1. Quick test of your reading of the structure: P193 fulfils all but one of (1) buried (at least 20 other Cβ atoms within 10 Å of the Cβ); (2) closer than 22 Å to P98 by Cβ; (3) in contact with an Asp or Glu (Cβ under 9 Å, 6 or more places away or on another chain). Name the failing condition by number.
2. Applying the selection to region 308-318, what residues are in contact (Cβ under 8 Å) with a residue 24 or more places away in the chain, open to solvent by 50 Å² or more (accessible area, probe 1.4 Å) and assigned to a loop (DSSP other than H, G, I, E, B)?
3. Would you be able to say whether some residue in region 143-160 is in a loop (DSSP other than H, G, I, E, B), modelled with pLDDT of 95 or more, farther than 30 Å from H320 by Cβ and touching a Ser or Thr at 6+ places or on another chain (Cβ under 9 Å)?
4. Is region 470-482 home to any residue that is under 24 Å from A420 (Cα atoms) and in contact with a helix residue (DSSP H, G or I) (Cβ under 9 Å, 6 or more places away or on another chain)?
5. Do you know which of the residues in region 451-475 that are farther than 21 Å from Y415 by Cα and touching a residue at least 24 places away in the same chain (Cβ under 8 Å) is least open to solvent (accessible area, probe 1.4 Å)?
6. For residues in region 225-260 being basic (K, R) and farther than 22 Å from G340 by Cβ, which is farthest from the chain's Cα centre (by Cα)?
7. Residue by residue through region 4-23, note down the ones that are assigned to a helix (DSSP H, G or I) and either open to solvent by less than 20 Å² (accessible area, probe 1.4 Å) or touching a residue at least 60 places away in the same chain (Cβ under 8 Å) (or both).
8. So for region 493-508 (the condition being of a type in the set (D, E, K, R) and open to solvent by 50 Å² or more (accessible area, probe 1.4 Å)), does at least one residue qualify?
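The values are calculated or read from the model by the stated rules, or taken from the named source; none is laboratory data. As the structure is a computational prediction, the values presented were derived from the model and not from experiment. No Cβ is skipped: glycine too gets one built from the backbone with ideal geometry, and neighbour counts run over all protein chains shown. Areas reflect the complete protein model, heavy atoms only, side chains present, ligands, DNA and RNA absent. Shrake-Rupley method; radii C 1.70, N 1.55, O 1.52, S 1.80 Å.
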Amino acid sequence: MPSAQRARHGGDLVVESLTALGASTVFGLPGQHALGAFDALRRSGLAYVGLRVENNAGFAADAFARVTGTVAPLLVSTGPGALMTLAALQESAAASAPVLAIGSQVPTAGLGGGRKGYLHELVDQKASFRDVVKSVHTVRTASQIPSAVAAAWASALEAPAGPVWLEIPQDVLLAPVSVPPVASLRAEPRPLPPRPELTAEAARLLSAAERPVILAGGGVVRARARQELRALAEALDAPVATTFGGKGAFPWDHPLSLQSWLEDAHTTEFLEDADVLLVIGSGLGELSSNYHTFRPRGRLIQIEADLGKLESNHPALGIHADAREALAALAESITPRPPGTGAKAAAGLLTRVRERIDAQGLELERRVLDVVRNALPDDSPSFWDMTILAYWAWSAFDPRAGALHSAQGAGGLGYGFPAALGAAAADRRRPVLAVSGDGGAMYSIAELATAHQYQLPVTWLIVDDDGYGILREYMTDTFGEATATELSRPDFAALAESFGVPAVRTTPERLRADLAGALAAPGPSVVVLPALLRMFAPTHLGRLAGGGFDRGPGSDQP
């Protein structure tokens, strides 16, 4: 039957609903039970980016959601295909990325533990997702699809944003439908304004403070609240530090900027010394508190959209609100203070941090990071795997007009390259950088085929140090020798070229020219840098009460 005369089915309702809600691009990987949805996708106006592993498709959707600020649909199949997305969805949950994961299901006869023996059958598939995503939605009839998609979409966007899971049985996706095509849907997340009495109290505390300081987290970035944060900081003359997830929330070179040296004891002590510390969009978790060694001595005000994070680590004046609305309300309520003191204090801190790093003989590491920063166009985003150079970037990289994203929320390997592909699919006009170590790169090698197929403008920098470098350092430092950290690797440049992706093997001396050339060229490229990089010395170990084993990125000795 010609496609123009083909009967519509449940899969069409899925695609029509996504289109009506404003989706432009779908990520995924097909499977037997999901074919109805993929058939409808072929007839739609939605762009499709198909990856080679479901987990990588989830990372790509995560990045698309981060850079666009809207919902990224992820379409996968049942059982193994669905379960392969869990690590990516955990990262999206930690980073509050609104991913709408739509998985197929076995036919309805097999739902509820029917044990019909269908391929991919699980007793309760959605149970695997409940502790990972914000909400779980199940469809049992075609008529439920539009409303279920809209409800899942709204849930993903509502502050705090995050991933959601929607599953639809195979027979529902294939069932013919006679209802008109979905023309419009509404999925409006509820606003989350601050309560007025809390805003008034926070404004009173900040206005009376002698040493106000601000710590801005990822919630500021996600709320697109950079202007509101800057206005408040300047009105208060308050220095601003950003968490690793909050990089870009405040201008790096602003006189009030403390940058993001959160693994440095000088920064920790500076934050502790504030008589009023305003924490926005951060739960003050492990990485944002110098491994839970942060002990505030003054009053703490915490603005957080995730209710479970309010006062989860420290007592505070907790304000459950969207960062943008809360910052705007505070800026209207505080009493401005004359400038000068805050900038002087910020400059003093950065001098102390720089002197500590200068004393450690880490010229190679700093030079490599500077080269990467200078080769990357100012407005290009970068995506970093869990690797030593990324841990440097968390503290020392200026994202400029672009943005720095990493998997530091959940901490899984393999994020950088597939995430960069997702960002490039959102905007092909500028190059995107991915950074991985050789261990993390092996998680994503298959996606070189994706990069080539869609000619996505991603340059992948692979720092090859012969294994899991940071784990090697942790184990050597703690146990005297390392186990299971040494890896046999391929010739990454030759492997990339076998996929049709241009590649070059470089050195620290040639890196700037090779990386800049790769970024300037159209389509995907790979730059391999063999180098053994080290981390700056930790400062949290000496602050831990009672000592003990508490390792994290940056905890190996120079």
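1. Unmet condition: (1).
2. S312, N313
3. No.
4. Yes, region 470-482 contains at least one residue that is under 24 Å from A420 (Cα atoms) and in contact with a helix residue (DSSP H, G or I) (Cβ under 9 Å, 6 or more places away or on another chain).
5. Of everything passing the filter in region 451-475, Y474 is least open to solvent (accessible area, probe 1.4 Å).
6. Only one residue tops the list, namely R226.
7. In the first step, residues of region 4-23 are kept if they are assigned to a helix (DSSP H, G or I); the result is 4-5, 10-20.
Hits for region 4-23 are G10, G11, D12, L13, V14, V15, E16, S17, L18, T19, A20.
8. Let us first name the residues in region 493-508 that are of a type in the set (D, E, K, R), namely 497, 505.
Filter once more, so that each one left must be open to solvent by 50 Å² or more (accessible area, probe 1.4 Å): 497, 505.
Yes, some residue in region 493-508 is of a type in the set (D, E, K, R) and open to solvent by 50 Å² or more (accessible area, probe 1.4 Å).
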